[in-house]
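A short write-up of the structure that comes next.
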Amino acid sequence: MSGGTGYTPMSPKESPMKKDKSQQPDDSDEEDILSSVCPDGLADDSVRTFIFKNQNHTLGNLLRDQILKYPEVHFCGYSQPHPGERVMHLRVQTLPGSGIPAGDMLKKGLKDVIAMCEHVEDLFNEELEKKEWETDSSANP
């Protein structure tokens, strides 16, 4: 097909983020499920893109929604660069001059999402215990 828009997808290693090898995710280490990169020209920790291996929109949307609730956060967004690529990028930026590292907001977000899931599980189990379940023998021939 000719006459396309000229758009060429960019791999994470070709992105405008730092080209420093120590900043790039290592695809060979399956134990390392999280890495981060810093935009060019920034010397502080207020902006980071965290790269989660083997994660998708489920975790990305949960974290984005939770982290955006914090008043110290200026921006939070996520993307899955390509459906065939098993990574999710989460960018966190704290307020300029706040001195709060983006990584601290990620940790807080993860802890709060875990607490929220545990709370929902507790409520579900409480309701489950209140209910008397009957098995319908006619449903299973």
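Here, each number is a calculation from the coordinates, and none is a lab measurement. Everything numeric here is computed off the predicted structure, so don't read it as measured data. Reconstructed Cβ throughout: ideal geometry from the backbone, glycine too, with neighbour counts over all protein chains shown.
Gain in length, residue 126 to residue 111, computed as 0.36 nm per residue apart minus the alpha-carbon separation, to one decimal in nm?
Going from the current span to full extension adds 3.1 nm.
Work out, step by step, the length gained on full extension between residue 86 and residue 40: first 0.36 nm times the residue separation, then minus their alpha carbon distance; give nm to one decimal.
Full extension from residue 86 to residue 40 adds 14.1 nm.
Neighbour counts of other C-beta atoms within 10 Å: give me 90, 62, 34 arranged from fewest to most.
Working: 90 24, 62 17, 34 13.
With the fewest neighbours first, 90, 62, 34 line up as 34, 62, 90.
Using a 10 Å cut-off around each Cβ, can you sort 51, 67, 114 from fewest to most neighbouring Cβ atoms?
114, 51, 67
Using Cβ counts within 10 Å as a stand-in for footprinting exposure, how do 122, 104 rank, fewest first?
Numbers: 122 10, 104 14.
In increasing order of surrounding Cβ atoms, one gets 122, 104.
What are the equivalent ellipsoid semi-axes of region 28-128, built from the alpha-carbon gyration tensor (square roots of five times its eigenvalues), in whole angstrom, biggest first?
Semi-axes from the Cα gyration tensor: 25, 19, 11 Å.
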